[in-house]
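Trainee: Pasting a structure here, questions to come.
The values are calculated or read from the model by the stated rules, or taken from the named source; none is laboratory data. The structure presented is a predicted model; accordingly, all values stated were derived computationally and were not measured. Neighbour counts run over all protein chains shown; Cβ positions are idealised from the backbone, glycine included.
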Amino acid sequence: MRPEMESPIPPTMDSAASYPLTTLVELFTAGFAGYVIPMRLAPEDLAERVVSEDIDLAASRVVLRDDIPVGLGHRRRGRPLTS
């Protein structure tokens, strides 16, 4: 488990719409850390994906551990939450 995930306090979630695209890009990139093919986006790339993939940022979630953003789950309109 990553050190930032070690906490006796359970994680909480907040709407991804409450965060700037730069933060969401950082969380997206961190979620793919260690992959054979790195996944990196610029904020404008994420903005394009939000539109092209019909991602609902209001329904998407940022996972918080001790009030620090540590994860991102995105939701496409009409589909279940994915990460």
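Trainee: If a residue has to be surrounded by 15 or more Cβ atoms within 10 Å (Cβ to Cβ), charged (D, E, K, R) and at pLDDT 90 or above to count, how many in segment 48-83 make the cut?
Mentor: Step one: of segment 48-83, the residues surrounded by 15 or more Cβ atoms within 10 Å (Cβ to Cβ) are 50, 55-57, 59-65, 69-76.
This time we only want the ones that are charged (D, E, K, R), so: 56, 61, 65, 75-76.
Next, from what is left, pick out any that are at pLDDT 90 or above: 56, 61, 65.
Looking only at that region, the number is 3.
Trainee: Oh, and also: Looking only at residues that are polar (S, T, N, Q) and in a helix (DSSP H, G or I) in segment 11-27, which one is surrounded by the most Cβ atoms within 10 Å (Cβ to Cβ)? Write out each step before concluding.
Mentor: Step one: of segment 11-27, the residues polar (S, T, N, Q) are 12, 15, 18, 22-23.
From what is left, the residues that are in a helix (DSSP H, G or I) are 18, 22-23.
Numbers: 18: 10, 22: 11, 23: 15.
Filtering first and then ranking leaves 23.
Trainee: Still on this structure: For a quick check of your reading of the model, give me the residue pairs whose first member lies in segment 12-29 and is at pLDDT below 95, whose second is loosely packed, with under 13 Cβ neighbours inside 10 Å, with beta-carbon atoms closer than 6 Å and at least 6 apart or on different chains.
Mentor: Within 6 Å, the pairs are 29/40.
Trainee: Find the residue count for segment 28-67, including only residues that are in a helix (DSSP H, G or I) and of a type in the set (Gly, Ala, Ser).
Mentor: Step one: filter segment 28-67 for residues in a helix (DSSP H, G or I), giving 28-31, 43-52.
Checking which are of a type in the set (Gly, Ala, Ser) leaves us with 30-31, 47, 52.
Of the residues in segment 28-67, 4 are in a helix (DSSP H, G or I) and of a type in the set (Gly, Ala, Ser).
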